[in-house]
């Protein structure tokens, strides 16, 4: 845990983040070694979706086993791969066995190392960006996609209101809330990588850090206004995890290394 103090009376919160870890039974040892490497280096672990290859609970058990060796909180959101087998409830239960708490349109306040942190977790969804927005118009199936995204946006806004008084506030997503972190992907698929409709609550409430995954060929770092946004997809980072360091109380922005 981070126990040291900075000159201004602030303390350092170390967050290990990754998305698109795509655990499978064939990668059990790889997952175990990756998470073991975090020992003593992080106060909090955040996983930005696509935890498994196809959403099989047995694949979730691989991740749970890897995380069970950690003595710090682990929070996650599901990604599109995690929904593929249509066994999300079983997957969430398997992850819980290893201490991984899945956030799904909800929020949590935790105290890693005695530092109060509010986390809002929503999967997000598709919808596009300027020039590629999916409309709330036409066939019921198309309008259903729009409504599903609306529910994610509303949950994000609601969660940020609930944690408004926390000294540190983090948003954890799978889908991208800004086109700036999907640059590098073919523009023809941008509408399926996220939507800037998710950006509105972020711009309004100004959390300290926004993390997402999903876009494997995207861009690591961007911002929504003054809010730092990071695409922590493992292929983008080129490593198993990225370690963020936040100075907590008073609120500060996010230095990285």
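The values are calculated or read from the model by the stated rules, or taken from the named source; none is laboratory data. Remember, predicted model here, so these are calculated numbers, not experimental data. No Cβ is skipped: glycine too gets one built from the backbone with ideal geometry, and neighbour counts run over all protein chains shown.
Tabulated values for the structure
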| item | result |
| --- | --- |
| Matching entry among 18, 48, 24, 64 (being under 18 Å from residue 231 (Cβ atoms), in contact with a helix residue (DSSP H, G or I) (Cβ under 6 Å, 6 or more places away or on another chain), surrounded by 15 or more Cβ atoms within 10 Å (Cβ to Cβ) and modelled with pLDDT of 95 or more) | 18 |
| Residue match in region 127-146 (condition: in a helix (DSSP H, G or I), crowded, with 16+ Cβ neighbours inside 10 Å and touching a helix residue (DSSP H, G or I) at 6+ places or on another chain (Cβ under 8 Å)) | no |
| So residue 215, is it surrounded by fewer than 20 Cβ atoms within 10 Å (Cβ to Cβ) and in contact with a strand residue (DSSP E or B) (Cβ under 7 Å, 6 or more places away or on another chain) | no |
| Those strands (runs of 3 or more DSSP E) lying entirely in region 179-254 with at least 2 residues closer than 24 Å to residue 110 by Cβ and at pLDDT 95 or above | 209-212, 227-231, 242-248 |
